[in-house]
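Asks: There's a structure below that I have some questions on.
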Amino acid sequence: MNNKIVQSASIAAGTCDSSCRQPEQYGQDHNLGSPLLEAEPTVSFEITIPESMRDELDLAIQEIFQGRRSRMDALEGDREAITTAAMKGLQTIVTTLETHKGTGQTTRLALFLAGVYNGSDYPFDLTWLRMLDTKLANACLDYLNFDRLGVNEVHTYLPGGAEQLHRWLAESGRDPKSRRRRKTQ
């Protein structure tokens, strides 16, 4: 099914196929704990979604039947989703930097990472994101969303650490020493 899953549930019977959560995860009884379902007619549904949206669908179903999650539960789930998206985005950035050296996009990607690494030495104009392909701009935004959590510095997630970042900057003609010299002259 090409990276898609089928999630089916019979709300009336509270049953799921093997790819979805069991009813007890949503509520206490076969009608998922909702008093409305006891008196209301029921509906069965089947939905085909990208596999990457499976957790989001599970959360939506939980919210429908159990109400909003507590703030702490929501934050922890969001942190996991943010981290996953950020690491995937960073991998996209690293792969592009390694496979498309010398292009305008790689220069901007190196400057983005440098700006996250040390914004004082490497200011990054956010309008430069407009010059990137959509996939690359989204990868940057996904990483930036994670970086705001302040878990670790960006270079700690790079395979070659800070040295790799400085190599990319040198390849793009950006040297922190020459930037500092220009500021003081």
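Asks: Using 0.36 nm per residue, how much length does the chain from Arg148 to Arg54 gain when fully extended, once their Cα-Cα distance is taken away?
Replies: Numbers: separation 94, 0.36 × 94 = 33.84 nm, distance 2.54 nm.
Here the segment from Arg148 to Arg54 would lengthen by 31.3 nm.
Asks: Label region 72-184 by shape, choosing from rounded, prolate and oblate, from the square roots a ≥ b ≥ c of the eigenvalues of the Cα gyration tensor; if a/c is under 1.5 it is rounded, and otherwise prolate applies when a/b is larger than b/c, oblate when it is not. Please report the intermediate quantities before stating the final value.
Replies: Details: a/c = 1.90, a/b = 1.57, b/c = 1.22.
Since a/c reaches 1.5 and a/b is larger than b/c, the shape of region 72-184 is classed as prolate.
Asks: Continuing with the same structure: Taking R0 as 22 Å, what FRET efficiency do you get between Met131 and His100 from their Cβ-Cβ distance, rounded to the nearest 0.05?
Replies: 0.95
Asks: Quick one: net charge of Gly161's neighbours, Cβ under 12 Å, K/R +1, D/E -1? Walk me through the intermediate numbers first.
Replies: Working: positive: Arg167; negative: Glu153, Glu163.
Charge balance in the 12 Å sphere: -1.
Here, each number is a calculation from the coordinates, and none is a lab measurement. Fair warning: this is a prediction, and the values are worked out from it, not measured in the lab. Backbone-built Cβ (ideal geometry, glycine too); neighbour counts: all protein chains shown.
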